[in-house]
Amino acid sequence: MLKQAASSQERDPLAWPEDAVEVGRVLDAWGIKGWVKIQSYSTDAQALFSSRRWFLQPPEGKPVAKPLPSVLKILSVREHGEGIVAQAEDVADRNAAEALRGARIFISRSAFPKADPNEYYWVDLIGLAVHNRQGELLGEVVGLLDTGPHSVLRIAPPGLPQPVKPDQERLVPFVSAFVDEVSLPERRITVDWGLDY
């Protein structure tokens, strides 16, 4: 009988996850006992709160004084004012916390909390094909905008060289008045939106 090989993450929980998603960055040290201030890239930072392993990469385009650990084992994370602070194993003092400044934080997508029905993580919507009710392809989701009251799908029309310019994107509000269905298994979103809008 054949047995499927274990993924790299099952073999070594500290290995870089294949489904890593960048969720934030370390802003600075907080206090003298090794805590760090975190900038979340989402207004709902549940992924940071639910995962006990944060994978790190250095900031883009900036040299670091000394190598970063590849993973932080999180002991505690909490909201503090309008931000987030966290404490990690082996980060015992302010100097160690300051050495993490600017580090990019990644979390395995599989560690995200389960979304409620009719709620979706942005990362799951990017790359989905968007069709209208007539079956016409509007394009592919390349990002989302957070307008406060709701999000807006940024759709790159087919046939244009990538990346498209902002004035070439189609913008469709991600609300039930315009979005009929989201099918993650089919990688498809159906919307009430014309090609000429």
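At-a-glance table
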item	result
Residue within the range 77-88 that is part of a loop (DSSP other than H, G, I, E, B) and at pLDDT 90 or above present	no
Selected residue [loosely packed, with under 15 Cβ neighbours inside 10 Å, modelled with pLDDT under 95, under 22 Å from D44 (Cβ atoms) and among the acidic types (D, E)] from D167, D116, D196, D124	D116
Count of the range 20-58 residues which are of a type outside the set (S, T, Y) and part of a strand (DSSP E or B)	21
Residues of the range 115-142 satisfying the condition of being touching a Phe, Trp or Tyr at 6+ places or on another chain (Cβ under 7 Å) and in a strand (DSSP E or B)	N132, L138
L138 loosely packed, with under 14 Cβ neighbours inside 10 Å and among the hydrophobic types (A, V, I, L, M, F, W, C)	no
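The values are calculated or read from the model by the stated rules, or taken from the named source; none is laboratory data. If you're wondering where the values come from, they're calculated on a predicted model, not measured in any experiment. Note: ideal-geometry Cβ built from the backbone for every residue, glycine included; neighbour counts use all protein chains shown.
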